[in-house]
Amino acid sequence: MNFKRLFRRSETILIFAIIVLSSIIGIKSPSFLSIASIFDIFRSSIVQLIFALGVLIVIVSGGIDISFPTIGIFSGYTAVVLMQRLELNPNSLIVPLVASVIIGVALGAVNALVIAGFGIPTLIATLGTAGIFRGCMLSFVGITFISEIPVGLDNFATADLIRIESPTAPLARLHILIIPITLLTIGISFLLRRTMFGRSVYALGGGSESARRLGISTRRVQAKIYMLVGGLSGFAGILFVSLQRKASPYDLAGSELDVIAAVVLGGASIMGGYGTVFGTVLGVLLINLIKGNLILLGVSSSWQRAAVGVLLLIGITVQAITESKKVRKRRVSTNEEVVA
Amino acid sequence: MFQLVLIALFILTLFSATSRDVFFTSYNFTSMAYQIPEVAILSIAVMLSMLTGGIDLSIVAISNAAALIASYIMTHHLNAAGTTPNFWIVAACLIGILVGILCGLVNSILVALLNVTPILATLATMTLFNGIAIGLTNGKSVSGLPEQFLRLGNGTFFGLPTPFVAMIILATLVSFLINRTGLGLKVFLIGTNRKAAQYSAIADRKVIMWTYVISGCLSSIAGLVIASRTSAASPDFGASYILLAIVIVVLGGVNPSGGFGTVSGVVLATMVLQMLSSGFNALRFNQFYYLVAQGSMLIAVMVLNLVLEGRRKSRSIHQSRRT
Amino acid sequence: MRSNDLITTEYGVENIVKSFGGAKALSGVSLSVSGGQIHCIAGENGSGKSTLIKIMSGVHAPDSGLIRLGEKVFSGLSPREAVHEGVQVIFQDFSLLANLTVAENIALPTFISRDSRFINKKDTFNIAKTALELIEFDIDVNLPVAEISIASKQLVAIARATNLDVKMLFMDEPTTALTRKEIARLFKVIEQLKARNVAIVFVSHKIDEIQEICNTITVLRNGEVVADGKMGDFTRNQISQAMLGQDLLETRIAPKLGKSGSNILEVKKLSTRPTFSDISFTIAPGEILGITGLLGSGRTELAEAIFGRYPVDTGEIAVDGKSVALNSSSAALAAGIGYVPPDRLTQGLFLEQSILRNLVAVGINSYRNAWGLLSKKRVKDAGNKWISDLHIKTDNSLNPVTSLSGGNQQRVVLAKWFALDPRLMILNGPTVGVDIGSKREILEIIRDRAQSGMAFLVVSDDIPELMQICHRVLIIKNGKLEREFNEAQMTEDALYKELS
């Protein structure tokens, strides 16, 4: 165990920051240090975490995706609309879930076509597809706010695994989603660290030409990435609809910033090749910790976005400074390699 | 550039033919002429940052912030008659522009000095500036701006809409800057190959800083134009303008990886997109079709560019065989 | 000269043609290598040898021609198929993944060739350890590749390519960063692979190495095979002549040093550990000083430190007797120092811009008119002047700089600095990738400038080039100046020996 390296890792700094912040909040408002709060943080982080896992994969591969919330709400909203129009069994949970994921994968395939197929830079590509998806959703699927979502989805919002009622303390509810989400998180971590696909994602981030020369079929990996992220976004979208107990096509817009902030804070480098699931989880926790408790910290909730902005700014500044220190340390010049 | 003119003419004829009564009227053209400037100025701001190989995603946040602060000052000094002393209007505008410059400076420091990737840096500043604007106003918009100010946004200057004139002046200035000054040439070189620029002893960091500061300044002016035209300033205005601005610059011939672009292309592309929006409106398409059109155009133009660039590269290498 | 021996072909290419855009890189190249044979491809930069490797390993597809790998024949293949067939390449730029560990870099190709879906940490470790033991290189396999030295990177790339599954191995200039000991170790590994019946293709322009290790040879020039056959059938001169295409005019052209004024450059105990330490030397007006050493010896960092692009911890630099703090390239320019970087395409030129813009890229402010604006006339005049002074072959200065040949492009890079009339010009690899005729002319340009008093610092690993043009040559090893050779002491053998 190399202790020095352990200390420098961004995950350690994050854990430290989370502990410090929790302590501050706890001191100011002791009711925070309760099981109810911990469960609440989990509940408010679910959707963001799923999105963040997808964004992590994209960022590690060296790209960036800003269409994921649009894919999410498109999939979720359309799933609900389809259930209503096609008069499918409203009690079912599986149907909307599967439908949403499939739609998400299909939209992700569009991204895959534009990015892996045509080779368009990822920011511009996903900016364009986000516009197309949003426009199509609002034009062809609908603009109505649906407050009566199918029963199955609605009931799922209160499907708690653990429910602790007490007259003195606030209601502590741990949603059942903790099991599948934990499995999903572990699964993605395994995918990234132990499978060829996962290592190919890192290889892509390290250098797409070098990865290609090794025999990794970079286009296929990229296509899979964006379809996987599409599916994850679809999953997050339907869960959002369920947990919010409403379906509005105008939701989730603008939430890409919080998710990207969480992933970047979690240690993923925007240049690609670096990033871990654990870091992402910590990043999501930190963002939600701050956003959810600003009032307890003495800040009105209208400053939420500014707080995220400050966090992100601190995160990227720290990253930039450590990067330049690393470059200075690595004093063996690497631009000696002249390719003839 | 030539293709762009063709596209412009094509769209003009198409919409004029299909919806003569609504589209091809002086009312419509005038109203377009009032809406084009703010988008054009924002697009020129994006173009500048793109020329150096970066991007400025915070333009809308900056424009809203500037508009909000200027509006706040102006409405704060409204007297009983519902007007504001000219001094305060001018002061408010200057302060608004100062806000833009300061925001641009923040971007500069992040991108040029700290070497943060422009995408990430401007995403962060966009969040920050937007967040500060929401925090300061509690998410509400400022309205009821003084009449004299509104006259600027809705009035005319020698027969042309004032904002349009402002756009022409700014466009000319920026065009002059990039084509006739040393700074402009340095911008193009840095965007083409930053490493080579460094090896040519060009002060790349200073030049990049200037582009983000000027971009911020332009964004704030756009914000003032918007406030003046709509008589309101809000922290959430124009969220879709970013996509629009990027479609415009790409359509206008700016290379997203840097090194090439013209102001006239951007202005022309703005007009094309505005005609498209207006035409869709005249044909009673629902407004979201425009969104789909923007996204599709962006991707289509990028694909086209890639194809053309492949052909251009082979042509120039072919030339080398002859020398 | 073609040998008539026909060895049973196991691996090879037939009539490969490849063009990039309009430029022909390979015109009808054929060669064959069998397992257990070490075949050399010799050629200068630009001869097409790198392209040939890329085609045989699937990185590029040929326009026409066949690729033969064992029993199978391909008209084009993907990198994945090549890896499947047991083809491994050590590329000139190593193609390592800096964000992954040494172990992963070494083991990944194995996993790919096995079509593995899951990556096991223990497997990764073992594969890496075994491969490293084969070449007797010990390194912590859990280090990220980004953190190891260049020589280590080259050895990791070699380990990656030489592990158990390889059937055909390409090595593109594999010894550029290695010491004599490491080269000997590499050759031992190659002999072991030969014994295992691996077909080996060794690409190099270093004739000594070629003669030592190879059994058969193919010489490429301008995309064509100009000679092939058994190694023993060729003399050193024959190989050299085949590679260069003409009798190389290698006579010395360094001008006589006139009466020297005070030194233009004085470097005193310059140190930035561990890259270079205690560097001291001087350059007089009109003097051409050479510096050479292995890749990774610190030669480029030293050059860039004098140009203000690499930090200096201790020591002093003085130009024309005045001490200067060179903390940026602008400071260097102001002090009268110019730099021509080693990689013309990515560091020296603005490829998508015109020749004219490339010519005025340095000191743009000096092309302004009285109003502070860029003077079109001044720019155009400067362009025309340098095009004619340095004989840059083009019909229009507004053509893109990519329309020029390598030699002409290098002249553009030189011209943009000459326009500022620097006191000292640092040239790093001035004739790399330049055709033979242009090489000589560029050296003559350097000589002419030196005669007018400009001082030159030439960093290069091209010994013949250094011998033609330099008054003195310094040897740098592991960051320290080891020896100095003056005109009398400069012999090819002595210099080559130093580079080991």
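Table: residues versus (1) within 21 Å of residue A:244 (Cβ to Cβ); (2) more than 10 Å from every other protein chain (Cβ to nearest Cβ).
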| site | (1), (2) |
| --- | --- |
| A:122 | no, no |
| A:131 | no, no |
| A:140 | no, no |
| A:143 | yes, no |
| A:146 | yes, yes |
| A:174 | yes, yes |
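Evaluate the following for residue C:64: is it more than 18 Å from residue C:169 (Cβ to Cβ) and either away from chain B (no Cβ under 14 Å) or buried (at least 17 other Cβ atoms within 10 Å of the Cβ) (or both)? Walk me through how you get there before you give the answer.
Values: more than 18 Å from residue C:169 (Cβ to Cβ): yes; either away from chain B (no Cβ under 14 Å) or buried (at least 17 other Cβ atoms within 10 Å of the Cβ) (or both): yes.
It is true that residue C:64 is more than 18 Å from residue C:169 (Cβ to Cβ) and either away from chain B (no Cβ under 14 Å) or buried (at least 17 other Cβ atoms within 10 Å of the Cβ) (or both).
Can you confirm whether segment C:149-161 contains a residue that is closer than 24 Å to residue C:240 by Cβ and either surrounded by fewer than 22 Cβ atoms within 10 Å (Cβ to Cβ) or under 22 Å from the mean Cα position of the chain (by Cα) (or both)? Break it down stepwise before answering.
Applying the first criterion (closer than 24 Å to residue C:240 by Cβ) to segment C:149-161 yields none.
Checked segment C:149-161: no residue is closer than 24 Å to residue C:240 by Cβ and either surrounded by fewer than 22 Cβ atoms within 10 Å (Cβ to Cβ) or under 22 Å from the mean Cα position of the chain (by Cα) (or both).
The residue that is surrounded by the fewest Cβ atoms within 10 Å (Cβ to Cβ), among those in segment B:100-144 that are closer than 23 Å to residue B:190 by Cα, at the interface with chain A (Cβ under 7 Å from one of its Cβ atoms) and of a type in the set (S, T, N, Q), is B:115. Among the residues making up segment A:177-210, those that are part of a helix (DSSP H, G or I), surrounded by 18 or more Cβ atoms within 10 Å (Cβ to Cβ) and either touching a Pro at 6+ places or on another chain (Cβ under 8 Å) or within 7 Å of chain C (Cβ to nearest Cβ) (or both) are A:196, A:199, A:202, A:203, A:205, A:206, A:210. Scanning segment B:42-60 for residues that are outside any loop (DSSP other than H, G, I, E, B) and under 18 Å from residue B:253 (Cβ atoms) yields B:42, B:43, B:44, B:45, B:46, B:47, B:48, B:49, B:50, B:51. Taking residue A:171, is it closer than 22 Å to residue A:44 by Cβ and either buried (at least 20 other Cβ atoms within 10 Å of the Cβ) or touching a residue at least 40 places away in the same chain (Cβ under 8 Å) (or both)? Judged against the criteria, residue A:171 is a match.
Filter segment A:293-307 down to the residues that are more than 9 Å from chain B (Cβ to nearest Cβ) and hydrophobic (A, V, I, L, M, F, W, C), then identify the one that is nearest to residue A:45 (Cα to Cα).
A:294
Of all residues in segment B:256-281, those that are within 14 Å of chain C (Cβ to nearest Cβ) have Cβ atoms under 6 Å from Cβ atoms of residues that are of a type in the set (Asp, Glu), 6 or more apart or on another chain, in B:259/C:352.
Might you let me know whether segment C:428-450 holds any residue that is farther than 21 Å from residue C:344 by Cβ, assigned by TED's automatic domain parsing to the domain that holds residue C:318 and assigned to a loop (DSSP other than H, G, I, E, B)? No; the residues of segment C:428-450 include none that is farther than 21 Å from residue C:344 by Cβ, assigned by TED's automatic domain parsing to the domain that holds residue C:318 and assigned to a loop (DSSP other than H, G, I, E, B).
The residues on offer are B:41, B:69, B:89, and the sole one that is surrounded by 20 or more Cβ atoms within 10 Å (Cβ to Cβ), at pLDDT 95 or above and touching a helix residue (DSSP H, G or I) at 6+ places or on another chain (Cβ under 8 Å) is B:41. Taking segment A:149-168 as the range and being surrounded by 15 or more Cβ atoms within 10 Å (Cβ to Cβ) and not small (Gly, Ala, Ser) as the test, the residues that pass are A:149, A:150, A:153, A:154, A:156, A:160, A:164. Restricting attention to segment C:291-340, the residues being buried (at least 19 other Cβ atoms within 10 Å of the Cβ) and of a type in the set (Gly, Ala, Ser) number 12.
Listed here are the helices (runs of 4 or more DSSP H) enclosed by segment B:140-220 that have at least 1 residues being within 30 Å of residue C:376 (Cα to Cα): B:162-180, B:182-192, B:194-199. Would you confirm whether any residue within segment C:477-485 is in the same structural domain as residue C:351 (by TED's automatic domain parsing), touching a helix residue (DSSP H, G or I) at 6+ places or on another chain (Cβ under 6 Å) and in contact (Cβ under 8 Å) with a residue 60 or more places away in the chain? Within segment C:477-485 (the criterion being in the same structural domain as residue C:351 (by TED's automatic domain parsing), touching a helix residue (DSSP H, G or I) at 6+ places or on another chain (Cβ under 6 Å) and in contact (Cβ under 8 Å) with a residue 60 or more places away in the chain), the answer is no, since none of the residues qualifies. Taken over segment A:254-292, the criterion of being of a type outside the set (S, T, N, Q), under 15 Å from residue B:123 (Cα atoms) and more than 14 Å from chain C (Cβ to nearest Cβ) is satisfied by A:254, A:256, A:257, A:258, A:259, A:260, A:261, A:262, A:263, A:264, A:265.
To keep it simple, each residue is scored yes or no on (1) assigned to a strand (DSSP E or B); (2) at pLDDT 90 or above; (3) charged (D, E, K, R).
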site	(1), (2), (3)
C:453	no, no, no
C:458	yes, yes, no
C:461	no, no, yes
C:465	no, no, yes
C:468	no, no, no
C:476	yes, yes, no
C:489	no, no, no
C:493	no, no, yes
C:496	no, no, no
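Of the set (1) aromatic (Phe, Trp, Tyr); (2) within 30 Å of residue B:310 (Cβ to Cβ); (3) touching a Ser or Thr at 6+ places or on another chain (Cβ under 8 Å), all apply to residue A:118 but (3). Can residue C:251 be described as more than 8 Å from every other protein chain (Cβ to nearest Cβ) and closer than 26 Å to residue C:482 by Cα? No, not satisfied. Look at (1) touching a residue at least 60 places away in the same chain (Cβ under 8 Å); (2) closer than 25 Å to residue A:139 by Cα; (3) in contact with a Leu (Cβ under 8 Å, 6 or more places away or on another chain) and you find that residue B:231 fails only one, number (2).
Look at residue B:156 and say whether it is more than 9 Å from chain A (Cβ to nearest Cβ) and either under 30 Å from residue B:198 (Cβ atoms) or in contact (Cβ under 8 Å) with a residue 60 or more places away in the chain (or both). Lay out the reasoning, then the answer.
Numbers: more than 9 Å from chain A (Cβ to nearest Cβ): yes; either under 30 Å from residue B:198 (Cβ atoms) or in contact (Cβ under 8 Å) with a residue 60 or more places away in the chain (or both): no.
No, not satisfied.
The condition of being over 29 Å from residue C:94 (Cα atoms) and touching a strand residue (DSSP E or B) at 6+ places or on another chain (Cβ under 9 Å) holds for residue C:269. For segment C:367-383, residues that are more than 9 Å from chain B (Cβ to nearest Cβ) and over 15 Å from residue C:408 (Cβ atoms) total 9.
Residue C:441 - would you say it is modelled with pLDDT under 90 and touching a strand residue (DSSP E or B) at 6+ places or on another chain (Cβ under 9 Å)? So that I can check it myself, show each step before the final result.
Values: modelled with pLDDT under 90: yes; touching a strand residue (DSSP E or B) at 6+ places or on another chain (Cβ under 9 Å): no.
No, not satisfied.
Out of curiosity, is residue B:293 more than 17 Å from the chain's Cα centre (by Cα) and at negative phi? Yes. Yes or no: residue A:102 surrounded by fewer than 24 Cβ atoms within 10 Å (Cβ to Cβ) and under 30 Å from residue A:268 (Cβ atoms)? For residue A:102, the condition - surrounded by fewer than 24 Cβ atoms within 10 Å (Cβ to Cβ) and under 30 Å from residue A:268 (Cβ atoms) - is met. When segment C:357-410 is limited to residues that are under 26 Å from the mean Cα position of the chain (by Cα) and assigned to a loop (DSSP other than H, G, I, E, B), the one that is surrounded by the fewest Cβ atoms within 10 Å (Cβ to Cβ) turns out to be C:391.
Restricting to segment C:336-350, name every residue that is facing chain B (nearest Cβ under 7 Å) and of a type in the set (A, V, I, L, M). It would help to see each step written out before you state the result.
Taking segment C:336-350 first, the residues facing chain B (nearest Cβ under 7 Å) are C:339, C:341, C:346-350.
Once the filter is applied, which keeps residues that are facing chain B (nearest Cβ under 7 Å) and of a type in the set (A, V, I, L, M), segment C:336-350 yields only C:349.
The values are calculated or read from the model by the stated rules, or taken from the named source; none is laboratory data. Source: prediction; values computed, not measured. All Cβ positions, even for glycine, are placed from backbone atoms using ideal geometry, and neighbour counts span all protein chains on display.
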